1. Give the residue from V9, A41, Y90 lying farthest towards the positive end of the charge dipole for the chain; charges sit on Cβ (+1 for Lys and Arg, -1 for Asp and Glu) and the dipole is referred to the Cα centre.
2. Just tell me which lysines come within less than 28 Å, Cα to Cα, of K122; anything on the same chain fewer than 8 places away is out.
3. Given the rule -39500 (n - 2.57) for each run of at least 4 DSSP H residues, summed and divided by the residues of the chain, what is its mean residue ellipticity at 222 nm, to the nearest 500 deg cm²/dmol?
4. Connecting C-alpha atoms closer than 10 Å in a GNM of the chain, tell me which of I97, I38, I20 has the biggest fluctuation.
5. What is the spin-label model distance, in nm, from L57 to L79 if the labels are put 7 Å beyond Cα along the C-beta direction?
6. Please list, or write none, the aspartates and glutamates whose alpha carbon is within less than 19 Å of the alpha carbon of K50, excluding same-chain residues fewer than 8 places away.
7. At R0 = 30 Å, how high is the FRET efficiency between R100 and L11 if r is their beta carbon distance? Nearest 0.05 is fine.
8. Taking just the C-alpha trace of the chain, give me its Rg and Dmax in Å.
Amino acid sequence: MDASAIMAVILNESNRGAVIALTENATLLSPEVISFEIGNAFISLYKRKKLTEEELLAAFRLYAAMPIRNIKVDIEKALKIACKYKIYAYDAYYLEIAHRLKIPLLTFNLPMKKAGLDMKIKIPGKNTEKRQE
């Protein structure tokens, strides 16, 4: 589960219900850096005046209460993935874990979806079963 899916739930975005339905009774896994990525996303929203400090802290508490298991990333392999697909290292961390553990990846990030599909990683959700070239 990547930050885009987590943020959809916390911020009550339109795809929140889909994330909840797809993760119900599932073990949620993310790279060990997920808290840093989520924290950065909250600060970005704060700087753009989309969240107040109080809302930011309340949102972080919601995130902290989520039962997400942190997984150690093989950063060298992730960097190779990032170079191959010309994506951010943070995005490659999710792909490295999903590929290594042979698990699906829940994301709304299009470049990550494309790379994941090319790596034969299952990407659940609407319109993600089709390969996009």
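Computed from the coordinates by the stated procedures, all read-outs in this text should not be read as laboratory data. Just so it is clear, the model here is predicted, and its values are computed rather than measured. Ideal geometry is used to build each Cβ from the backbone, glycine not excepted, and the neighbour counts take in all protein chains shown.
1. Ranked along the dipole, the leading option is Y90.
2. Qualifying lysines at Cα under 28 Å: K72, K77, K80, K84, K86, K102, K113, K114, K130.
3. Values: 7 runs with 76 residues, N = 133.
Rounded to the nearest 500, the figure is -17000 deg cm²/dmol.
4. Per the Cα network of the chain with a 10 Å cutoff, I20 tops the list.
5. 3.8
6. E13, E37
7. On the way: r = 29 Å, r/R0 = 0.98.
Once rounded, the FRET efficiency stands at 0.55.
8. Using the Cα atoms of the chain, the pair Rg, Dmax is 14.6, 42 Å.
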